[in-house]
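One structure below.
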Amino acid sequence: MEYLKKLFAPVDMTVGKPWEDILMFTIPMLIGNIAQQLYNTVDSVVVGNFVGDNALAAVGSAGPILNLLIVLFIGISMGASIMVSQYFGAKNRKDLSSTIGNCIMLTALSSIFVMVVATMATRPLLLLLGTPDSIIDWCTSYLHILFIGSAGLAYYNILSGVLRGLGDSISALLYLIVASVLNIILDLVFVVYFGMAVDGVALATVIAQGVSALLCVRRLMQMKDLFDLNKECLKMTKRHSLNIIRLGVPSGVTQAIISMSMLVAQSLTNSFGEQFIAANVIVMRVDGFAMLPNFSFGTAMTTYAGQNVGAGAYDRVSKGAKQGTLMAVGTSAVITGLILLFGKHLMAIFTSTEELVVLSMNMMCILAVGYIAMAVTQSLSGVMRGAGDTLTPMWISLVTTVAIRVPLAYGLVYLTKSTQYPQGRKECIFVSLLLSWLVGAAATALFYRRGKWRQKAIQ
């Protein structure tokens, strides 16, 4: 019983060995991210096997639009995590309580905005991207259900960000595992037994996310020894709301930039037809798992840096940054090797079409080394964000995606047009992504070493 209490207790990362703090926080984060990735992956596996390749393409084509229109949630979540970790590290109960209350209210407002605006914008965006007629209706209905039920997604992501800022990555993990299992069961029930196709997997996701959000609320209400959660704390204050927005907007903009570049690239992908769209979906699903260690270490570094900056322990931040980045690079190298060895078996989970499996694997091989570069980017960006510098990672993302990735994709495709390849080489889309990752890693390391992030702690 005492062990369980310790396991679920918030972790103070301002004491102990840095690498142990980071690793022990990252492990449940990684498991949780795997569970979260299962949401979209299971959707793709179920529709790919029980509905068809076009349904698989429809679910995948909806992804970039979904990511673009939920950037509000991502921004608030990052701002919340940074502020909570710094106030927790400083042992400032009053500001910690007000920050959590403001997060809850901002989430409600952003959920209403997404439900209305995103639902209205869905089909026009799909038409703008040149989505094939054979899948556009499926894409539209899939996204409409997700946006109408977006409150669950919003509250889970933001409240789990609050829990991580408090050093509690275990609770969010367990709630996500519960939701993932529920999502898998409902996917099969709605699609296989009720014949609901893409509507079924969307509805399953909404219900599962709602359950995980309710569990996060329940956990926060049990942590009254750390902060207050009452009507007074739920009143929005200018200082705390603006700080959440100031810290969160760059992260939201970063995600928006990435999503917009994916939308532009999706338009190029669509020009190669349904089969390549489906191959791209498979690659991105496997890519999602390959990136999980990087994202997990990045989030852990944000909490670690935030708590130690709040405590004024900058030497400890630098030591943890080095150790955390080395662990992230080593982990990513192992994961990349496993994907190269067993990638074809992973691709075959999504489709029985051999040509599609081979095409997907070829594209995956192009991206392989980029995952190690992204380990550096995510870890050092996490440190800068935790310290309160969310602008630098935003600008690096802006340059690498808008100025490098997108022009390269279109330029290389154009330059490779020939009699044999009248539309250009499909591989160029993934080559451009790899090059943008490599440049991003070099730029992130450079700006981290300059050290201006040390001056960004919140007041």
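Structure above, values below:
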{"read-out": "Those residues of segment 387-414 which are touching a Pro at 6+ places or on another chain (Cβ under 8 Å), among the hydrophobic types (A, V, I, L, M, F, W, C) and open to solvent by less than 30 Å² (accessible area, probe 1.4 Å), in sequence order", "value": "Met394"}
{"read-out": "Any hit, segment 117-129, residues being open to solvent by 20 Å² or more (accessible area, probe 1.4 Å), under 26 Å from Thr237 (Cα atoms) and part of a helix (DSSP H, G or I)", "value": "yes"}
{"read-out": "Subset of segment 340-374 that is farther than 21 Å from Gly52 by Cα, in contact with a Gly (Cβ under 9 Å, 6 or more places away or on another chain) and without any contact (Cβ under 8 Å) to a residue 40 or more places away in the chain - its residue that is most open to solvent (accessible area, probe 1.4 Å)", "value": "Cys365"}
{"read-out": "Meets criteria (of a type in the set (A, V, I, L, M, F, W, C), open to solvent by 10 Å² or more (accessible area, probe 1.4 Å), out of contact with any Cys (no Cβ under 8 Å at 6 or more places or on another chain) and closer than 25 Å to Glu20 by Cα) for Ile335", "value": "yes"}
{"read-out": "Members of segment 425-445 that are within 14 Å of Ala265 (Cα to Cα) and touching a Gly at 6+ places or on another chain (Cβ under 6 Å)", "value": "Leu434"}
{"read-out": "Residue tally, condition of a type outside the set (Val, Ile, Thr) and more than 10 Å from Ile429 (Cβ to Cβ), over segment 272-284", "value": "6"}
{"read-out": "Every residue from segment 181-226 that is among the small types (Gly, Ala, Ser), at pLDDT 85 or above and surrounded by fewer than 20 Cβ atoms within 10 Å (Cβ to Cβ)", "value": "Gly210"}
{"read-out": "Pairs, first more than 16 Å from Ile158 (Cβ to Cβ) and in contact (Cβ under 8 Å) with a residue 24 or more places away in the chain in segment 208-230, second part of a loop (DSSP other than H, G, I, E, B) and open to solvent by 60 Å² or more (accessible area, probe 1.4 Å), C-beta under 6 Å, six or more apart", "value": "none"}
{"read-out": "Val84 being at pLDDT 80 or above and either over 30 Å from His144 (Cβ atoms) or not acidic (Asp, Glu) (or both)", "value": "yes"}
{"read-out": "Failed item in (1) modelled with pLDDT under 80; (2) surrounded by fewer than 21 Cβ atoms within 10 Å (Cβ to Cβ), with Ala256 passing the rest", "value": "(2)"}
{"read-out": "Of residues in segment 130-150 being aliphatic (A, V, I, L, M) and closer than 24 Å to Phe73 by Cα, the one most open to solvent (accessible area, probe 1.4 Å)", "value": "Ile148"}
{"read-out": "Test: residue in segment 384-399 that is touching a helix residue (DSSP H, G or I) at 6+ places or on another chain (Cβ under 9 Å) and closer than 21 Å to Val281 by Cα", "value": "no"}
{"read-out": "From the options Ala300, Ala305, Ala333, residue that is within 18 Å of the chain's Cα centre (by Cα), modelled with pLDDT of 85 or more and more than 19 Å from Phe430 (Cβ to Cβ)", "value": "Ala300"}
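The values are calculated or read from the model by the stated rules, or taken from the named source; none is laboratory data. All of these numbers come straight from a predicted model, not from anything done at the bench. For neighbour counting, all protein chains shown are included, and Cβ atoms are generated from backbone atoms with ideal geometry for every residue, glycine included. Ligands, DNA and RNA are excluded from the accessible area calculation, which covers all protein heavy atoms including side chains. Shrake-Rupley method; radii C 1.70, N 1.55, O 1.52, S 1.80 Å.
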